[in-house]
Amino acid sequence: MRTGFALVLVAAIGGGAARAEPRPERRRDATWGQIFAGPFSSSRLFAMPVADVVGPYRLTLSEDGSLLQETGILSSAGVVALGFGDLAQLEYRHTTAISVGHTPAPVPAAGVQVKLPLPEGMYLPAVAIAFRLGVTRREQLAATTVDEAVTDLYVVSRLHLWGWLAGVTVHAGARVSQARIGIGGDQDFGATKRVMVLPAAGFEIAMNDRTRLVGEAGLAPSFRYDATAPSPPTIGSGLLGRLGVRWRIAPALTLDGSIGYQLEVARMQPAAGLSAVVQWDIRLGAEVVVPWGAIACRTAGIFCE
């Protein structure tokens, strides 16, 4: 009786186990169809990370770009992720920030993301922690040099809903960001630093087996500096949001199309409404999964199971 109850309890707590994705076949006799059959997982929405990793012996490459040819409109969702276990990945990505030009800027960062080994189930979300060490991004404003960097500690959770909401996945998290801006050249103000706690949230809705509606919104560091004023730079926050569709063209290839907006939080007035939208864009992106371990096994006989 106790054994039966224990099995039922384990099944209830681990209800998410049915969602576990099988690995590509890492066998010497595996066909190319088996190697690229998937399914594969992603570790991001658009710019926001999710509480999943890409998996062992896998590499993902993703990037997006704006369709609006305006200066400064650059990608904020470029990611290279290398899985080295079921629960961790190394990554190099463009973390989200707003530059002194008031546009989303790809501030580079390198780090690691770990999915906590906690039970998952109907009421138990997955949780991951990511640390990203910021790499300096340099801008040139006339004779003034602007250096921007963001180092993040990110905690994010993911929960699959059930019942009539089955097919909906919600994501929530917060990033503790240490933002730094340095001014050099004609006006040398040294470095300004600020530590902020910035919330973020997102969702995915499965429209069919290949298509998902994806949305996200979150605060991001916003660097502010006026080269024409004799005052040091400041660091605030801005709200970035994005809504789009993700198509899985093949198990190892997905395409994204999305529209995004940017609000300057510090400048918003209570009645500002849509006039507070200071930037918007349309983006196309893609993510490719490379099951390098399975490829190496088939071609060279290494990294096999």
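The values are calculated or read from the model by the stated rules, or taken from the named source; none is laboratory data. All values derive from a computational prediction rather than experimental measurement. No Cβ is skipped: glycine too gets one built from the backbone with ideal geometry, and neighbour counts run over all protein chains shown. Quick note on the areas: whole protein, heavy atoms, side chains included, nothing else; ligands and nucleic acids left out. Shrake-Rupley method; radii C 1.70, N 1.55, O 1.52, S 1.80 Å.
Things worth noting here:
- Accessible-area order (highest first, 1.4 angstrom probe) of the listed residues TRP247, TRP164: TRP164, TRP247
- Portion, in percent, of the accessible area of segment 120-225 that falls on carbon or sulfur, probe 1.4 Å: 61
- Model label sites at ILE302 and ALA286, defined 7 Å from Cα along the beta-carbon direction, differ in position by 2.8 nm.
- Rounded to whole numbers, the Karplus 3J(HN,Hα) couplings from phi for segment 227-243 are 5, 8, 10, x, 9, x, x, 10, 10, x, 9, x, 9, 10, x, 8, 9 Hz, using 6.51 cos²θ - 1.76 cosθ + 1.60 with θ = phi - 60°, and x at Gly and Pro.
- Each residue of segment 51-56 is assigned a 3J(HN,Hα), and the resulting list reads 7, 9, 10, 6, x, x Hz, derived from the Karplus form 6.51 cos²θ - 1.76 cosθ + 1.60 (θ = phi - 60°), x at Gly and Pro.
- Annotation for TYR92 and VAL195: the two label points, set 7 Å from Cα along the Cα-Cβ direction, are 2.9 nm apart.
- Rounded to the nearest 20, the size of the Cβ-charge dipole of segment 118-251 about its Cα centre is 320 debye, with Lys and Arg at +1 and Asp and Glu at -1.
- Here the spin labels are modelled as points 7 Å beyond Cα on the Cα-Cβ line, and at VAL80 and ILE259 they lie 3.4 nm apart.
- Taken one residue at a time, the phi angles of segment 88-96 give Karplus couplings (6.51, -1.76, 1.60, θ = phi - 60°) of 8, 8, 8, 8, 10, 9, 8, 6, 7 Hz. Gly and Pro are set to x.
- 5 angstrom amide H check on LEU45, placed H, neighbours 5+ away: VAL50
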